[in-house]
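I have placed the structure first, in the form of structure tokens, so that the comments after it can refer back to it.
The values are calculated or read from the model by the stated rules, or taken from the named source; none is laboratory data. As the structure is a prediction and not an experimental result, all values here were calculated from the model. With ideal geometry, Cβ positions are generated from the backbone for all residues, glycine too; neighbour counts draw on all protein chains shown. Surface accessibility is based on the protein's heavy atoms, side chains included, excluding ligands, DNA and RNA. Shrake-Rupley method; radii C 1.70, N 1.55, O 1.52, S 1.80 Å.
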Amino acid sequence: MPYSSPSQSPSNTEICLSVVVPLFNESLMIKPLIERLTKVLSTLDERSEIVFVDDGSSDDSWRLVSELPLVDNEYQCIKLSRNFGKEAAMSAGIEHARGLVVIMLDADLQDPPELIPEMLNQWRAGYDIVNMKRKKRLGETWFKRFSAACFYRLMNWVSDSPVPENVGDFRLMSRQVIDSIKQLPERNRFMKGLFSWPGFSQKTLEFDRDPRFVGETKWNYGKLFGLAMDGITSFSFKPLRLATWCGVITALAAFAYGGWIIANTLIFGGSVAGYPSLMVVQLALAGIQLLALGLIGEYLGRVFVEVKQRPLYLIEEVAYKQSLTQVKAR
Ligand code: UDP
Ligand code: MG
């Protein structure tokens, strides 16, 4: 029987590597991905598994992964009940991964599976996290590269736990790191931040990121902006402090200007200033106030999400699949 419940799966300690792959409408990618990934995994001495998380795909991604032929690999296929987003899908993968080491991999082959053995070598050398830094971001527009650069600058300026620049979700993490991340209960899951939060010994390797193999990116600028806001607000309240400072400086400037107007009128008998300056001050202050209010709203909205304590994702189905050769081997 190729399928069984996860409770019947082998004990944790036996699997060395779990490769977690989130899937959202990637039916065209599954065949080439499995070909390349299994080729790499078959060269390893250690036992490995692939954890597919179908993030509510509307195409036949689920059918394709759950009907995989029996090859020399183990699979866990997790079907979420709807599209919860990549961050939730990765969290589901981490929760189910049983390996001593977990590697996050995008389904679109932008992260070359051929680098896995080198990542494992670094883990064997004693590193807990192996970050994969993009040397070149092939197939991305200059605007995406520019906005990504701005985001990392801003994020690392405001955040207390810095996020390494140009390191995506493609990375290796040891069991110790994974167990620490699993303890983080927050609903706003900016995974790049959560991955860096535990610390531990880190190694960064560089690679050229290929363009997407087929299909379109699932992220538009609106979604990316939302992710950036999640990242900044869940790892720092510096923006709120900045708003406070803005208020203090404007108030001080207003007092000074007020004093000057009183002195000017009393000493020199100066006449009342005209409307243009009044309007400018009025509009500038209203703008700053709305901005600060919006900022508070961003944090409040996230507190609202946190207090509701809803589950991060819902699982519709889990399929565990093991090759016959591996069953016989035990
Ligand atoms: N993905 C997902 N849920 C989503 C969006 C994306 O699981 O709501 C998966 C997608 O299938 C892929 C990975 O996340 O495996 C990266 O997505 P994409 O290539 O669209 O992002 P980009 O590389 O442009 O950042
Ligand atoms: Mg991609």
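If the condition is being part of a loop (DSSP other than H, G, I, E, B) and within 30 Å of Ile15 (Cβ to Cβ), then the range 305-320 contributes Pro311, Leu312, Tyr313, Leu314.
Within the span defined as the range 132-144, one or more residues are within 16 Å of ligand 2 (Cβ to nearest atom) and among the aliphatic types (A, V, I, L, M).
Only residues that are of a type outside the set (Ser, Thr, Tyr) and either within 12 Å of ligand 1 (Cβ to nearest atom) or within 15 Å of Asp106 (Cβ to Cβ) (or both) were counted in the range 214-239, giving 10.
Could we say that Arg171 is in contact (Cβ under 8 Å) with a residue 40 or more places away in the chain, among the basic types (Lys, Arg) and closer than 18 Å to Ile94 by Cβ here? The answer is yes for Arg171. Only a single criterion out of (1) within 16 Å of ligand 2 (Cβ to nearest atom); (2) under 27 Å from Leu184 (Cβ atoms); (3) open to solvent by less than 20 Å² (accessible area, probe 1.4 Å) is not satisfied by Leu33, namely (2). When each of Phe190, Phe195 is tested for being under 19 Å from Ser18 (Cβ atoms) and within 17 Å of the chain's Cα centre (by Cα), the lone residue that passes is Phe195. Looking only at residues in the range 274-290 that are within 27 Å of Asp230 (Cβ to Cβ) and exposed (fewer than 14 other Cβ atoms within 10 Å of the Cβ), which one is farthest from the chain's Cα centre (by Cα)? Among them, the one singled out is Gly287.
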